[in-house]
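Notes to accompany the following structure.
Derivation of every value follows stated rules applied to the coordinates shown; laboratory data play no part. Please read all numbers here as calculations on a predicted model, not as lab measurements. With ideal geometry, Cβ positions are generated from the backbone for all residues, glycine too; neighbour counts draw on all protein chains shown.
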Amino acid sequence: MPRCSKHPRANFPQIPDHDTYYVYGFYDQDTLFYIGKGRSYRFTKHFSQYHLKENTPKNNKIKQVNKEGRKVDVKLFAIHLSEIEALDLERKLILSFGLKSEGGILTNLRYGSLDSAGLWTEDRKKRHSEKLRGKNSEVPVDLVKKAKCLSYYCGYTAKEISEHPDFRKFNLAPHTINAWCRGNKFKYVLPHLNHDRSSLREEKYQETAMLLKKGWRVKEISDTLGLGLGLVKLYNTCYQKQTKEQ
């Protein structure tokens, strides 16, 4: 199992593996002050000079600990989790310890990664989208989401997407669509796609299958995993067929 190298700001645990998820906590002298979820070297990114430029309660706490001559202790609550299991545990732990802004002890700004979209108001999303799309600002954000889904889950090329009936009327250049799908411009549209996607299709199918097995409805799965309703319906069809064959 890989181990993080020594770091001047924190004491890191061993990384269980690079593929499954875990939930971690930041401690100052055994006092917990932050909870997060991730995989691979996710928890190390909080301590980069670039990341610490942002003025947040968590970053200010890290800088205070370091200024007083101590390191932050990073500890793992659970390892070898699926993404949905990590999201669920992260939220439960944050709810248990409470946000400092609401009388708890954690410097987190929200109750877990699933709430990240809450940091973007609809007005902010609209202004940000129009700025990024420039001359294509009349294109609805839902179309950007559809382009990302077609690319990530169906394997469409940017050219194929530009020729799709829903996109053709906007006369979009393939390089524009490629920027939507491959770049970091629209992270807030489908936040769960912002990591290595080498096994993303299979991962999302397995998570969908797990929730279907538990009796979740298609709409609930779509909302929870951030997947298009059509894609979840497709996964449901595949799952039902697979179940009958077993």
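Some notes on this structure:
- Length-normalised contact order for the stretch 200-245 - Cα pairs under 8 Å, 6+ apart - percent: 37
- The protection proxy used here, the mean number of other Cβ atoms lying within 10 Å of each residue, ranks peptides 146-153, 216-223, 99-106, 38-45 as follows, highest first: 146-153, 38-45, 216-223, 99-106.
- For the stretch 14-66 versus the stretch 154-187, the inter-centroid distance based on Cα atoms is 35 Å.
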